[in-house]
Amino acid sequence: MTDALYAGIMSGTSLDGVDAVVAAFPKETALSFSGKDFREPFCELRGSAFVPFPAALREELFALQEAGADELARSARVANALADLYAQATQEAARQAGVEAAQLRAVGVHGQTVRHCPTEAWSCQLNNPARVAEHLGIDVVADFRSRDLAAGGQGAPLVPAFHAAMFGSAAKHRVIINIGGIANLTDLPPQGVVRGFDSGPGNVLLDTWYARHQKGAFDHDGAWAASGQSSPALLAALLNEPFFSKAPPKSTGRDLFHPAWLAAHLASFSSLSPADVQATLLQLTATSIAVAVSKEAAGSEEIFVCGGGAYNTALISALRALLAPRTVQATDALGVSAQHVEALAFAWLACETLARRPGNLPAATGAKGLRVLGAVYPGCAEPGIRDQESGGRGFV
């Protein structure tokens, strides 16, 4: 049977760049997760690419996390720059897969989250999917969160259905933990309802503190954190944040866990060295995840980690200590690179949208029911502006 090729694009709250994949899905096989049974992995990774954010674009994305002057125009310019990078990453992933971008059925593009306010039923992902469609000449599926939010949900996390279809086991109770800027987990019991929610900060505070005191964007292998001593008093103060005790469904982002939030807590701990603060922030990520697993997935046996945090040696060691006797491994052990899981999820969501099948799980988002997610921007016969210079790029 001929496979259909879909691309998936993800640029997460870590603000490091764009991950792209090209994956093959069986054309005539229903892909939706039923909520009752599990199957073997149903998609095959054919190609992947990573395109880092230019420094100016990254700085502007950080700035747009907070209110500022001329936000509408600045956001529009950033959306155009992101669209150019999304198209570039898709083209590179297609080349790695040995195909032209025009041969792809569609690309799922999440966009870059800069504000997330589910309590007011909105979330803002910067993107210009029409521009991506012009670049590539294929269908673009975007704006995945809006329909779930309109149905009373959090609009996030949207990956649990994919986690279930890709990693579920009829024999083992598994939990998938995605550690990007924010950490989220998916509970995959052999029987029963699949659930998912954000547990709290992943890399967001670690990266922020590291960039302030060290050279570079992130703490390689958690080495700097490992050089410090975690402060039990500061950790307790940080864990007192009401979000941690809130029952799922729940989601969060940089709107809550931002530099000012951290600074307010550090005001009473000025004697701590920067390395000790980093060690405590690593324990905050590990402890909030472990508490969430123990409370919401108490019977779990196997933990699989994806996202950038899967490569933080010190963080994984902390998780293993806190979650024992459960095993903790990267999703690579299940045949899928931890770096590619989220982008694959949005390739799958694009496939589901075009087939008019639901992509959300109400038990994860809190929506009133299953919904078909996303908006479709049809491709065109010719790639349009793909090879032209654009005066509006600004950050590329």
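Data table
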{"read-out": "In the range 342-355, the residues that are open to solvent by 30 Å² or more (accessible area, probe 1.4 Å) and among the small types (Gly, Ala, Ser)", "value": "355"}
{"read-out": "Condition met for residue 255 (modelled with pLDDT under 95, among the acidic types (Asp, Glu) and over 16 Å from residue 319 (Cβ atoms))", "value": "yes"}
{"read-out": "Which listed residue, of 195, 174, 212, is in contact with a Leu (Cβ under 7 Å, 6 or more places away or on another chain) and of a type in the set (Lys, Arg)", "value": "174"}
{"read-out": "Count - residues of the range 43-61 that are surrounded by fewer than 16 Cβ atoms within 10 Å (Cβ to Cβ) and part of a helix (DSSP H, G or I)", "value": "3"}
{"read-out": "Pairs, first outside any helix (DSSP H, G or I) in the range 76-98, second surrounded by fewer than 24 Cβ atoms within 10 Å (Cβ to Cβ), C-beta under 9 Å, six or more apart", "value": "98/46; 98/47"}
{"read-out": "Per-region count, the range 358-376, residues open to solvent by 30 Å² or more (accessible area, probe 1.4 Å) and not in a loop (DSSP other than H, G, I, E, B)", "value": "4"}
{"read-out": "Residues of the range 76-92 satisfying the condition of being out of contact with any Asp or Glu (no Cβ under 9 Å at 6 or more places or on another chain) and surrounded by 15 or more Cβ atoms within 10 Å (Cβ to Cβ)", "value": "79, 80, 82, 84, 85, 86, 88, 90, 92"}
{"read-out": "Residue within the range 208-230 that is of a type in the set (Val, Ile, Thr) and under 23 Å from residue 297 (Cα atoms) present", "value": "no"}
{"read-out": "Which numbered condition residue 102 fails, given (1) within 27 Å of residue 365 (Cα to Cα); (2) surrounded by fewer than 24 Cβ atoms within 10 Å (Cβ to Cβ); (3) in contact with a Pro (Cβ under 8 Å, 6 or more places away or on another chain)", "value": "(1)"}
{"read-out": "Residue match in the range 326-334 (condition: closer than 30 Å to residue 212 by Cβ and modelled with pLDDT of 95 or more)", "value": "yes"}
{"read-out": "Residues satisfying the stated conditions in the range 357-396, i.e. modelled with pLDDT under 95, over 22 Å from residue 112 (Cα atoms) and charged (D, E, K, R)", "value": "357, 382, 387, 389"}
{"read-out": "Identity of the residue in the range 247-282, in contact with a strand residue (DSSP E or B) (Cβ under 8 Å, 6 or more places away or on another chain) and hydroxyl-bearing (Ser, Thr, Tyr), that ends up farthest from residue 66 (Cα to Cα)", "value": "251"}
{"read-out": "Count of residues meeting criterion [among the acidic types (Asp, Glu) and either in contact with a strand residue (DSSP E or B) (Cβ under 8 Å, 6 or more places away or on another chain) or open to solvent by 70 Å² or more (accessible area, probe 1.4 Å) (or both)] in the range 213-238", "value": "1"}
{"read-out": "Subset of the range 139-154 (residues that are open to solvent by less than 10 Å² (accessible area, probe 1.4 Å), in contact with a Ser or Thr (Cβ under 9 Å, 6 or more places away or on another chain) and closer than 15 Å to residue 109 by Cα)", "value": "141, 144"}
{"read-out": "Qualifying residue in the range 106-118 (condition: surrounded by fewer than 23 Cβ atoms within 10 Å (Cβ to Cβ) and out of contact with any Ser or Thr (no Cβ under 9 Å at 6 or more places or on another chain))", "value": "no"}
{"read-out": "Test for residue 247: is it within 26 Å of residue 43 (Cβ to Cβ) and over 18 Å from the mean Cα position of the chain (by Cα)", "value": "no"}
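The values are calculated or read from the model by the stated rules, or taken from the named source; none is laboratory data. None of the values given here were measured: they were computed from a predicted structure. Cβ coordinates were reconstructed from backbone atoms using ideal geometry, including for glycine residues, and neighbour counts include every protein chain displayed. Side chains are part of the model used for accessible areas, which takes the heavy atoms of the whole protein and leaves out ligands, DNA and RNA. Shrake-Rupley method; radii C 1.70, N 1.55, O 1.52, S 1.80 Å.
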